[in-house]
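One structure is given below, encoded as structure tokens.
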Amino acid sequence: MLSTKIEGINIEQPYIGKVYIENDLITCNNGRLKLTLSPNDFLNYESGDIISIMPDGIVSILYRTSWQDLTLFVTNQCNSACIMCPQVCDNSGHFLNMNLQILELRPENVKHIGITGGEPTVFPDVVVELLNRVHDIYPDTPVSFLTNGRAFKNLNLVKKITSIGHSKLLFCIPLYAANYEQHDYIVGSKGAFVDTIKGIFNLFRMRQLVEIRTVLFSKTIGNIKLLADYISRNLPFVRHVAIMGMEYSGYAAKNSNEFWIDPFDYKEILDSTALSLYRRGMMTSIYNIPLCLLTERVRFLARDSISAWKKTYPISCNTCSVKEQCCGIFETSINISEHIIPL
């Protein structure tokens, strides 16, 4: 999210609107209040952008039409406490009204929707209402629902979501180990592994699409092959497996001395793990790791996965022949590999 402070706008309540640019006049309209904006070099408004303006003058870009990836942030709350979480969770409630306002503005050029938090299912009724509205407005748009999956041990919640009928809804659920001791330690919650596995099977029972995600850092890399075996043997029905590089921000940044491992140093074990899943017929992808830090034979599994507002490239990447296909690096991350080179 891009944010900056501006002067000259006096509002009493938070405001969300769509940007319109015509004859060098920049306005923002939500159907109830129309505001005139001054040019801003930092935000560089584009027609169709969705922005928020706070009473203190903070303006944030919530969605750019050039991004094509609409993120709906449900809550900062979470029922887990992952030791490497890239954000700091709190008890600030949910943001259903804000998300409904965004959807009512009909963001343009949306090719994908992400629903995230915190943990969205901390507020199950909010999730059901939000998914219903998403389906009404974007019935054919793929939706990735980022969740720890624990709430789906409640089959009734899964049935409510299933009844919405969104055929392109994908539940993206993390597993960090093939056993409850290690997984529960990493997510900081006793019983989380069992809850998550129950949730995954309930989603499968109701014919929902599931993606398994795992993040590579010092506490998971030693067990990644065992996890791959567990997934292929016990969860062969999942739609997709994503093996992900770490974003070193939030708690992960605070404990980076303990958690950091250069992707260059684990590229061989990543190679064998990813190929073992792929060869067993599992749809497999590698996220958040630049192409130059992967072995050549698994680069075909790499995806341009980092959100546009978080992504950057080191200066050395300017001469890289495959830059346009590479995910780059997290601008928000405090740790960057020293082995990034142009290909």
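The values are calculated or read from the model by the stated rules, or taken from the named source; none is laboratory data. Just so we're clear, the structure is a prediction, and the values are computed from it rather than from any experiment. Please note: Cβ atoms are built from the backbone with ideal geometry, for glycine as well, and neighbour counts cover all protein chains shown.
Regarding region 111-130, can at least one residue be identified that is touching a Gly at 6+ places or on another chain (Cβ under 8 Å), closer than 21 Å to Thr162 by Cβ, surrounded by fewer than 20 Cβ atoms within 10 Å (Cβ to Cβ) and among the small types (Gly, Ala, Ser)? Within region 111-130, not a single residue is touching a Gly at 6+ places or on another chain (Cβ under 8 Å), closer than 21 Å to Thr162 by Cβ, surrounded by fewer than 20 Cβ atoms within 10 Å (Cβ to Cβ) and among the small types (Gly, Ala, Ser). Checking each residue in region 280-306 for being of a type in the set (D, E, K, R), in a loop (DSSP other than H, G, I, E, B) and either free of Cβ contacts under 8 Å to residues at least 12 places away in the same chain or farther than 27 Å from Asn234 by Cα (or both) picks out only Asp304. The condition (being touching a residue at least 12 places away in the same chain (Cβ under 8 Å), assigned to a loop (DSSP other than H, G, I, E, B), of a type in the set (Val, Ile, Thr) and more than 27 Å from Ser232 (Cα to Cα)) is satisfied by just one residue among Ile334, Ile261: Ile334. Flag set for Cys317, criterion: surrounded by 15 or more Cβ atoms within 10 Å (Cβ to Cβ), assigned to a helix (DSSP H, G or I) and touching a helix residue (DSSP H, G or I) at 6+ places or on another chain (Cβ under 9 Å).
Note on region 320-331: residues that are in contact with a helix residue (DSSP H, G or I) (Cβ under 6 Å, 6 or more places away or on another chain) and outside any loop (DSSP other than H, G, I, E, B) total 1. Just wondering, is there one or more residues in region 187-196 that are buried (at least 19 other Cβ atoms within 10 Å of the Cβ), at pLDDT 95 or above, touching a helix residue (DSSP H, G or I) at 6+ places or on another chain (Cβ under 7 Å) and not in a helix (DSSP H, G or I)? No, that holds for no residue.
A single member of Asn318, Asn255 is within 30 Å of Tyr45 (Cα to Cα) and more than 20 Å from the chain's Cα centre (by Cα), and it is Asn318.
Where strands (runs of 3 or more DSSP E) fall wholly inside region 1-82, the ranges with 2 or more residues that are over 30 Å from Asn148 (Cβ atoms) and among the hydroxyl-bearing types (Ser, Thr, Tyr) are 15-22.
Per this entry, Ala252 is not counted among residues that are in a loop (DSSP other than H, G, I, E, B), crowded, with 17+ Cβ neighbours inside 10 Å and assigned by TED's automatic domain parsing to the domain that holds Val298.
Would you mind stating whether Cys172 is buried (at least 16 other Cβ atoms within 10 Å of the Cβ), part of a loop (DSSP other than H, G, I, E, B) and in the same structural domain as Leu209 (by TED's automatic domain parsing)? In short, no. Comparison of Ser66, Ser38, Ser80 shows that the only residue that is without any contact (Cβ under 8 Å) to a residue 60 or more places away in the chain and among the hydroxyl-bearing types (Ser, Thr, Tyr) is Ser38. Take the residues in region 131-152 that are touching a Phe, Trp or Tyr at 6+ places or on another chain (Cβ under 9 Å) and in a helix (DSSP H, G or I); name whichever of them is surrounded by the most Cβ atoms within 10 Å (Cβ to Cβ). Top of the filtered list is Phe152.
For region 264-280, residues that are surrounded by fewer than 21 Cβ atoms within 10 Å (Cβ to Cβ) and in contact with a Ser or Thr (Cβ under 8 Å, 6 or more places away or on another chain) total 7. Out of Ile9, Ile21, one residue alone is under 15 Å from Glu108 (Cα atoms), outside the structural domain of Val134 (by TED's automatic domain parsing), free of Cβ contacts under 8 Å to residues at least 60 places away in the same chain and not small (Gly, Ala, Ser). It is Ile21. In the set (1) within 19 Å of Phe73 (Cα to Cα); (2) not in a loop (DSSP other than H, G, I, E, B), the condition left unmet by Gly118 is number (2).
Pro236 falls short on exactly one of the conditions (1) modelled with pLDDT of 95 or more; (2) under 28 Å from Ile83 (Cβ atoms); (3) not small (Gly, Ala, Ser), and that condition is (2).
Only residues that are of a type in the set (Val, Ile, Thr) and touching a strand residue (DSSP E or B) at 6+ places or on another chain (Cβ under 6 Å) were counted in region 123-133, giving 1.
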